[in-house]
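Reading through the C-alpha cells given below for one structure.
None of the figures in this text is laboratory data; all of them are computed from the coordinates on show. As the structure is a prediction and not an experimental result, all values here were calculated from the model. Glycine also receives a Cβ, built like all others from the backbone with ideal geometry; neighbour counts cover every protein chain displayed.
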Amino acid sequence: MARPERNDNRQESDLIEKLVGINRVAKVAKGGRRFGFAALVVVGDGKGRVGFGKGKAKEVPEAIRKATEAAKKNMIRVPLREGRTLHHDTPGRHGAGKVVIRSAQPGTGIIAGGPMRAVFEALGVQDVVTKSLGSSNPYNMVRGTFDALSKQASPRMVAAKRSKKVSDIVSRRGDHKVGAAAEQ
C-alpha cells in the first residue's frame, strides 16, 4: 500500500500550479474590519491535464492551499494535437464571460490574457490564439475556458463515435488543396 502513495506524491509534485488571483473581502464587525481572502488557482501537468479550484480562508496561504486541493480534485484531460496545440477552434462561455480558443501554427506562442494564459501554460499548450469577450472577471474567464476545453475532441474520439477510421475523418494536408485546384 505504501508504494502507490509514493507514486501519487511524485505525480502531484510534477504538477504546475498557477495562482490566477486573490480577492480580499472585508466584513465590518464591532471591533473593526475582519478580512477574508479568496484564491483562484489553476493546476496542470503540462501534458494535457488541467484543473482549477477556488478556496476561501482568513489568511492567504490557507486560501491558496484550499484552492490548490480543489483544483487537483477536478482535473480534466484535454486532447492535444502534436502535444503543442488544440485540434480545432472552440467557443466557450460561463455567465457573461465568453471566450474563443483557436489552434495555431508552430511558433505562434500563447496569445491569451492573464487568466486564460495561466490555464494554457498549466495545460502544456505552446501555440494557441484566444479572445475573451464580455466579462473580464477571472472566475468567468477560467470557467469559460474550461467549457471550451471540455468541448475539444480529437480525430480518434470523433472516429470512434461515428464508427469510422481516423483516416476517413482527417483529410491529408495536401488533399484539400489538390481538390480546390481541380475545381478551378
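Here are a few things to note about the model shown:
- 3J(HN,Hα) from dihedral phi, segment 96-103, Karplus parametrisation 6.51/-1.76/1.60, rounded to Hz, x for glycine, proline: 8, x, 10, 9, 10, 10, 10, 6
- Rounded to the nearest 20, the Cβ-based charge dipole of segment 1-133 about its Cα centre (Lys and Arg +1, Asp and Glu -1) stands at 720 debye.
- Relative contact order (%) - criterion: Cα under 8 Å, at least six apart; region: the chain: 17 percent
- Of the residues Ala159, Gln105, Ala26, the one whose Cα sits farthest toward the positive end of the charge dipole of segment 2-169, with +1 on the Cβ of Lys and Arg and -1 on the Cβ of Asp and Glu, is Ala26.
- q = 0.14, 0.18, 0.21, 0.25 Å⁻¹, segment 86-156: log10 I(q)/I(0) [Debye, one scatterer per Cα]: -0.36, -0.59, -0.80, -1.11
- Electrostatic dipole magnitude of segment 63-122 [Cβ: Lys, Arg +1; Asp, Glu -1; Cα centre; debye, to 20]: 220 debye
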